[in-house]
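Below you'll find the structure, written out as structure tokens, and then a few comments.
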Amino acid sequence: LLRVATLIGQRGGTLMRHAGEQAADMLLSQLEAPGGTEAHLGGQDLAEAGVTVRRLTSLLSALQGESLSPDRRDRLVEVKERIKAGCQALFTERLATDLLDPLRACTPESGPEAGWELETAARGLRALETEARRAGGDRTYDVLLGQAADAVREITENGGLERVGGLRLMEIVAGPEVALALFGE
């Protein structure tokens with residue numbers, strides 16, 4: 001595009017700016033549509049959701065750098081808030097369905113596959129949480145991850161998970177220092 005703009009000359013800068021404005025409007029309109037933001041975030045595995053959030057926030061940050069009209073700036077702020085709310089809702093839902101519910105269903109007979117599935121869910125949640133914080137996350141994630149850590153400790157202490165599996169899961173959910181401190185008690 002830059003090469004074409006150079007060939008076109010002075011007029012190329014105007015064309016590029018106009019094309020950028022059209023692209024910004026198209027992206028904002030797509031995300032503003034009912035369920036538009038949620039459609040981008042939901043229905044994916046957790047690792048994909050984190051990548052999607054990163055992609056959306058990068059695009060929106062690039063738009064913010066442009067000289068935006070007040071209307072477009074307001075739309076951008078609104079879309080960012082929807083992404084933030086969508087991330088929190090997705091994280092809360094998937095924490096329950098992908099990690100906490102299966103964790104509570106664990107028994108000593110569950111086998112190693114249950115532990116691997118829990119670890120995969122925990123890693124996906126952490127990937128989503130990392131990107132969601134960049135999108136405007138707050139203490140909500142700290143609270144939710146703290147609840148998950150408490151559940152991991154409780155299930156492990158009650159024998160639902162082997163100690164090593166519980167330690168690995170705690171390390172993913174709460175970090176190595178918390179895992180060692182909690183299991184060192």
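Structure notes:
- VAL178 accessible area, 1.4 Å probe, all protein chains in place, Å² to nearest 10: 60
- Qualifying trypsin sites (Lys or Arg not before Pro) for the stretch 43-131 [loop in DSSP, other Cβ within 10 Å: at most 10]: none
- Taking the stretch 83-140 and dividing mean pair separation by its residue count, relative contact order in percent (alpha carbons under 8 Å, at least six apart): 59
- Counting 0.36 nm for each residue step from ARG55 to VAL143 and taking away their Cα separation leaves a gain of 29.1 nm.
- Computed over protein heavy atoms with a 1.4 angstrom probe, the accessible surface ordering of VAL164, VAL79, largest first, is VAL164, VAL79.
- Alpha-carbon Rg/Rh ratio, for the stretch 133-177, with Rh computed the Kirkwood way: 1.08
- Extension gain for GLU113-GLU32 works out to 25.1 nm (0.36 nm per residue, less the C-alpha to C-alpha distance).
- As a size descriptor, the averaged projected area of the C-alpha convex hull of the stretch 52-185 was calculated at 8.5 nm².
- Kirkwood Rh in Å, taken over all unlike Cα pairs in the stretch 62-127: 14.6
The values are calculated or read from the model by the stated rules, or taken from the named source; none is laboratory data. Everything quoted here is computed from the prediction, not taken from an experiment. Counting neighbours? That spans all protein chains shown, and the Cβs are built from the backbone with ideal geometry, glycine included. Areas reflect the complete protein model, heavy atoms only, side chains present, ligands, DNA and RNA absent. Shrake-Rupley method; radii C 1.70, N 1.55, O 1.52, S 1.80 Å.
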